[in-house]
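Chemist: Here it is, the structure, as structure tokens.
The values are calculated or read from the model by the stated rules, or taken from the named source; none is laboratory data. Remember, predicted model here, so these are calculated numbers, not experimental data. Backbone-built Cβ (ideal geometry, glycine too); neighbour counts: all protein chains shown. These area figures cover heavy atoms from the full protein model, side chains too; ligands, DNA and RNA do not enter into them. Shrake-Rupley method; radii C 1.70, N 1.55, O 1.52, S 1.80 Å.
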Amino acid sequence: MNTRSTPTIQPQTLSKIGVIGGGQLAWMMGMEATSLGISLFVQTPETDDPAVPFATETILAKIDDATATAKLANHCDVITFENEFVDLNALSKLAEQGVCFRPRLSALSLLLDKYDQLSYLEKIGLPVPEFKLLNPENGKIFNHNLGYPVVLKACRYGYDGQGTFIINNAEELSQTWAKFNYPPMLLQKFVPFERELAVIAARSVAGDVAVYPIVETVQKNQVCHRVIAPANINKTIAEAAEAIAKTLLNSLQVIGVFGIELFLTSEGKLLVNEIAPRTHNSGHFSLDACETSQFKQHLRAVSGLPLGNTALKCSGAIMVNLLGFETANSEYLEKRQKIAEIPNSFIRWYGKTASRRGRKLGHVTVLIQTENDQNIEKEANAIADQIESIWYL
């Protein structure tokens, strides 16, 4: 799957890229930067954050420190993002002074708040679950007409299941909201989906759009455990997912890689769950399974290079997150060595010094070669079961 729209402008190539955030996403960008002749400059709070070894220079500061971002801008041609934990108002002052951000801040302002995000998606005609804003003005009135169970989400700063709650009744809704001292929160209708899908798509300076193969994500407690590429879906659903991605990126006129999470209902309908305006966990398989990884693609986009080929190099792939299951300081070398014995496996270890329950410590991708595409899902899950039996036992 590789779709492009007609180029609109001739891009200028930039070679000094600033990244706000120094976690594993920036680390994987750093892995790809050298081959493109790109120097990476990173703003991150800790010297042992994963991306620091790949950075030409590191600005040690919190992610939302706009004063530090101004220093970062002195080294860079353009600044991009590893996460959404930024102060847009403060960054906007830098943009007014000529600092180039990709994706652009005015687009991010529509997406960082989850209620604003769904409102925008609905406005441009994309299918979303029913939703409402729970705010102090409507107080303890819980007649929201969305039914139960219902999904309660923090409007900002939630990730990997944090800030997301499945609520079963009005009393539970009241109690959960009270724990946060009644801030505005998103209420989203619970979707009894058949599968959860995701699509990684990129848009270039020239206006081209490239879409990666649609994947299935397997979540447990709102945390992604495994990703199957490609998803076992028909052509009509795949084309609909691609169309959603193209509509979104072109509507926002953004530059860079976006991750789009989707629900597929039993009726074959797609609903957009959430948008990540950056590289995304559901695209990690692309590092080893695709002609161009999502991280190289993002760097190509924000630097002004043409987009690369998104095609798979194999029949399929399974990506399994290696999540923390205890509080410890460990490299888990023995477990990693056993996983590495699986044929066609590629382990990416993020180099984090501390493990805690649910923390993403690394991931493993295994490439699948088969003449029968119908076997990909079955083989992928069997491999994932094998990996998880090694990792969690």
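Chemist: Quote the relative contact order of the range 193-392 in percent (integer), defining contacts as alpha-carbon pairs under 8 Å separated by 6+ residues.
Modeler: 21 percent
Chemist: Taking the Cα centre of the chain as the origin and placing charges on Cβ (Lys, Arg +1; Asp, Glu -1), which of PHE295, ALA107, GLN97 is farthest toward the positive end of the dipole?
Modeler: GLN97
Chemist: Need the C-alpha centroid separation for the range 191-242 versus the range 269-342, integer Å.
Modeler: The distance from the Cα centre of the range 191-242 to that of the range 269-342 comes to 13 Å.
Chemist: Indicate the helices, whole DSSP H runs only, in the chain that combine a mean Kyte-Doolittle hydropathy of -0.5 or more with a Cα extent along their long axis of 24 angstrom or more.
Modeler: Qualifying helices: 235-252.
Chemist: I've got another one for you. Mind giving me the FRET efficiency for THR13 and GLU171? R0 is 51 Å, r the Cβ-Cβ distance, nearest 0.05 is fine.
Modeler: Using R0 = 51 Å, I get an efficiency of 0.30.
Chemist: Treat each spin label as a single point 7 Å out from the Cα along the C-beta direction, and report the LYS123 to ASN74 distance in nm.
Modeler: 3.7 nm
Chemist: Still on this structure, I have one more. Spelling out what I want: for every residue of the range 215-220, take phi, set θ = phi - 60°, compute 6.51 cos²θ - 1.76 cosθ + 1.60 (Karplus), and round to whole Hz; glycine and proline get x.
Modeler: Each residue's phi maps through the Karplus curve to give 10, 9, 10, 10, 10, 10 Hz.
Chemist: Using alpha carbon coordinates only, what is the Rg to Rh ratio of the chain, with Rh defined as the Kirkwood radius?
Modeler: Here Rg/Rh amounts to 0.95.
Chemist: Could I ask something else about it? Compute the distance in nm between two label points, each set 7 Å from the Cα along the Cα-to-Cβ direction, one at ASN381 and one at LEU333.
Modeler: Rounded to a tenth, the inter-label distance reads 3.7 nm.
Chemist: In percent, what relative contact order does the chain have, based on Cα pairs under 8 Å that are 6 or more apart in sequence?
Modeler: Relative CO of the chain lands at 16 percent.
Chemist: Between their Cα atoms, which of LYS114/LYS360; LYS246/LYS313; LYS179/LYS220; LYS62/LYS123 are more than 31 Å away from each other?
Modeler: From LYS114/LYS360; LYS246/LYS313; LYS179/LYS220; LYS62/LYS123, over 31 Å: LYS62/LYS123.
Chemist: Further, regarding this structure: Under a Cβ-only charge scheme (Lys and Arg +1, Asp and Glu -1), can you give me the dipole magnitude of the range 193-392 about the Cα centre, in debye to the nearest 20?
Modeler: Dipole of the range 193-392, to the nearest 20 debye: 720 debye.
Chemist: Amide H neighbours of GLU57 under 5 Å, at least 5 residues apart or on other chains, H built in the peptide plane: list them.
Modeler: For GLU57, the qualifying residues are VAL42.
Chemist: In the range 261-367, with Lys and Arg counted as +1 and Asp and Glu as -1 at Cβ, which of these residues, PRO343, GLY316, THR279, has the Cα nearest the positive end of the dipole, that is, farthest along it?
Modeler: THR279
Chemist: Also, I was wondering about something else. Provide, as a two-decimal number, the C-alpha radius of gyration of the range 16-101 over 2.2 N^0.38 Å, N being how many residues it has.
Modeler: Compared with the compact-globule rule of thumb, the range 16-101 sits at 0.97.
Chemist: Name the aspartates and glutamates eligible as straight-distance cross-link partners of LYS93: C-alpha to C-alpha under 15 Å, and not fewer than 8 places from it in the same chain.
Modeler: Filter leaves ASP64, ASP65.
Chemist: Charges at C-beta only: +1 for Lys and Arg, -1 for Asp and Glu. How large is the resulting dipole of the chain about its Cα centre, in Debye rounded to 20?
Modeler: Here the chain has a charge dipole of around 400 debye.
Chemist: Under 5 Å between amide hydrogens, which residues at least 5 positions from SER355 or on another chain qualify, with H placed 1.01 Å from N in the peptide plane?
Modeler: It is ALA328, ASN329, SER330, by chain and number.
Chemist: Report the full-extension gain for the segment ASP373 to ASN145: residue separation times 0.36 nm, less the Cα-Cα distance, to one decimal in nm.
Modeler: Answer, rounded to one decimal: 77.9 nm.
Chemist: ALA311 to LYS179: FRET efficiency via 1/(1 + (r/R0)^6), r the Cβ-Cβ distance, R0 45 Å, to the nearest 0.05?
Modeler: Efficiency, rounded to the nearest 0.05: 0.45.
Chemist: Round to the nearest 0.05 the FRET efficiency obtained for ALA354 and SER389 when R0 = 22 Å and r is the Cβ-Cβ distance.
Modeler: Step by step, r from the Cβ atoms, then E = 0.35.
Chemist: Still on this structure, please answer the following. For the range 359-364, take each phi angle, set θ = phi - 60°, evaluate the Karplus expression 6.51 cos²θ - 1.76 cosθ + 1.60, and give the result in whole Hz per residue in order, putting x for glycine and proline.
Modeler: 6, 7, 9, x, 8, 10
Chemist: For the range 240-393, what Kirkwood radius comes out of the mean inverse Cα-Cα distance, in Å?
Modeler: Kirkwood radius, the range 240-393: 17.4 Å.
Chemist: Which percent of the accessible heavy-atom area of the chain goes to carbon and sulfur, probe 1.4 angstrom?
Modeler: 47 percent
Chemist: Solvent-accessible area per residue for the chain at a 1.4 Å probe radius, Å²?
Modeler: Result: 43 Å² of accessible area for each residue.
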